[in-house]
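> Starting off with a structure, shown below.
Taken together, the values in this text are just the output of simple stated rules run on the coordinates, not laboratory data. Keep in mind that what you see is a predicted model, and the values were worked out from it rather than measured. Neighbour counts are summed over all protein chains in view; Cβ atoms, including those assigned to glycine, are modelled from backbone coordinates with ideal geometry.
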Amino acid sequence: MDGETNNAAGLWPVLRQLAKGDILGLGDSAASPRTGSLEARTTHADKVVASVCPYCAVGCGQLVYVKDKKIIDIEGDPRSPLSHGCLCPKGAATFQLVTGSHRVSHVLYRRPYGTKWETIPLETAMDMVADRVKKTRDANWEDKDKKGNPLRRTMAIAHLGGATLDNEENYLIKKLFTSLGIVQIENQARI
């Protein structure tokens, strides 16, 4: 039998199937030395971190595989009661979202009337946003209505949150913007 197996191993796959009686090609006759050496990309991961897909409000579970502090793969989490390990095409492409060479990893700013983007530090960009929010809020503050009733609001700023924000993030956003006097606060998940 060993002589037959060795002879069959060198045959063209279709002949190997016929020689072994594996007509459908689902058994050993479909294997090759290369298929024996294949392994999952995630086999050598240092750790696996549970996460949630960032694309929509469904919140499918994901497993993020990390090696040497770098993400090596992202797959659906079979323990997720929502998705049972399945991901839509966008969720399945999350790995490229995180690791893609096309991803912008710095702040780009184009000055008013400018024609080119320039790179600025994140701290500078955050300060610019804070300054503009304060300036807009102060310039459009409504302390009282015409009858003297307290308003303490601004109608010049609104917020529309994304569907991937979870309850905790929405809670903090609502608290922050309410404390700033912003009353137009909505979430895309409800629209």
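> Which listed residue (LEU151, LEU172, PRO121) has the Cα farthest towards the positive end of the charge dipole for region 107-190, taking +1 on Lys and Arg C-beta and -1 on Asp and Glu C-beta about the Cα centre?
LEU151
> Within the chain, how many Lys pairs sit with Cα atoms under 25 Å apart, leaving out pairs fewer than 8 places apart on the same chain?
Lysine pairs, 8 or more places apart or on different chains, close enough: 17.
> Something else about it: For a test of the definition: using alpha carbon positions, the gyration tensor, and the 1.5 limit on a/c, classify region 107-190 as rounded, prolate or oblate. Can you show the working numbers first?
Numbers: a/c = 2.51, a/b = 1.36, b/c = 1.84.
In terms of gyration-tensor shape, oblate.
> While we're here: Check each of the GluC sites (Glu not before Pro) in region 2-109 and keep only those in coil by DSSP with at most 15 other C-beta atoms within 10 angstrom; list them in order.
Values: sites: GLU4, GLU39, GLU75; in loops: GLU39.
Here the sparse-neighbourhood loop sites are GLU39.
> From the phi of every residue in region 88-96, what ³J(HN,Hα) in whole Hz does the Karplus formula 6.51 cos²θ - 1.76 cosθ + 1.60 yield, where θ is phi - 60° and glycine or proline is x?
Each residue of region 88-96 in turn: 6, x, 5, x, 5, 9, 4, 4, 5 Hz.
> Let me ask something else about it. List the residues whose amide H sits under 5 Å from the amide H of GLY161, counting only those 5 or more places along or on another chain, with H placed 1.01 Å from N in the peptide plane.
Close amide H contacts, sequence-distant or interchain: GLU186, ASN187, GLN188.
> So, one more: From a point 7 Å beyond the Cα of LEU97 in the direction of its Cβ, which residues of region 33-53 have a backbone N at a distance under 14 Å?
Residues 51-53 fall inside that zone.
> Let me ask another. Please return the longest range in the chain lying between exposed loop sites, taking chymotrypsin sites (Phe, Trp or Tyr not before Pro), DSSP loop only, at most 16 other beta-carbon atoms within 10 Å, and leaving the sites out. Walk me through the numbers on the way to the answer.
On the way: sites that count: TYR113, TRP117.
Here the longest run is 1-112.
> Extension gain ARG41-ALA156, at 0.36 nm per residue separation less the Cα-Cα distance, in nm? Mind showing how you got there, number by number?
On the way: separation 115, 0.36 × 115 = 41.40 nm, distance 5.03 nm.
Computed gain between ARG41 and ALA156 is 36.4 nm.
> If you don't mind, there's one more thing I want to ask. If you put +1 on each Lys and Arg Cβ and -1 on each Asp and Glu Cβ, how big is the dipole of region 107-190 around its Cα centre, in Debye rounded to 20?
Details: 15 positive and 12 negative charges, 89 e Å.
The calculation lands at about 420 debye.
> Over region 71-191, what is the relative contact order in whole percent, taking alpha-carbon pairs under 8 Å and six or more residues apart?
Values: 111 pairs, mean separation 17.0, N = 121.
RCO, region 71-191: 14 percent.
> Peptides 133-139, 96-102: what's the order by average Cβ count within 10 Å, highest mean first? The partial results should precede the final answer.
Values: 133-139: 12.3, 96-102: 10.4.
For the peptides 133-139, 96-102, the packing ranking is 133-139, 96-102.
> Quick one: check the C-alpha center-to-center distance for region 158-178 versus region 15-84, whole angstrom.
Rounded to whole Å, the Cα centres lie 35 Å apart.
> Taking amide H positions as placed 1.01 Å from N in the peptide plane, with prolines and chain starts having none, which residues 5 or more places from LYS67, or on another chain, fall under 5 Å of its amide H?
So LYS67 has HN proximity to ASP46, ILE72.
> Step through the residues of region 156-166 one at a time and calculate ³J(HN,Hα) from phi using the Karplus curve (6.51 cos²θ - 1.76 cosθ + 1.60, θ = phi - 60°), rounding each to whole Hz and writing x for Gly and Pro.
8, 10, 9, 9, 10, x, x, 5, 8, 5, 8
> Does region 47-99 classify as rounded, prolate or oblate by the C-alpha gyration tensor (a ≥ b ≥ c root eigenvalues; a/c under 1.5 gives rounded; else a/b over b/c gives prolate, otherwise oblate)? Provide the component values of the computation, followed by the final result.
Working: a/c = 2.28, a/b = 1.43, b/c = 1.59.
Because a/c hits 1.5 or more and a/b fails to exceed b/c, region 47-99 counts as oblate.
> Let me ask something else about it. Once you have a ≥ b ≥ c as the square roots of the Cα gyration tensor eigenvalues for region 67-150, tell me rounded if a/c is under 1.5, and otherwise prolate or oblate according to whether a/b is larger than b/c. All intermediate terms of the calculation are to be shown ahead of the outcome.
Details: a/c = 3.52, a/b = 1.65, b/c = 2.14.
Judged from the Cα gyration tensor, region 67-150 comes out oblate (a/c at least 1.5, b/c at or above a/b).
> Which of the trypsin sites (Lys or Arg not before Pro) found in region 147-184 are loop residues per DSSP with 12 or fewer other Cβ atoms within 10 Å of their Cβ?
On the way: sites: LYS147, ARG152, ARG153, LYS174, LYS175; in loops: LYS147.
Qualifying residues, ordered by number: LYS147.
> For Cα Rg over 2.2 N^0.38 Å, the choices are (1) 1.64; (2) 1.70; (3) 1.76; which was calculated from the structure?
(3)
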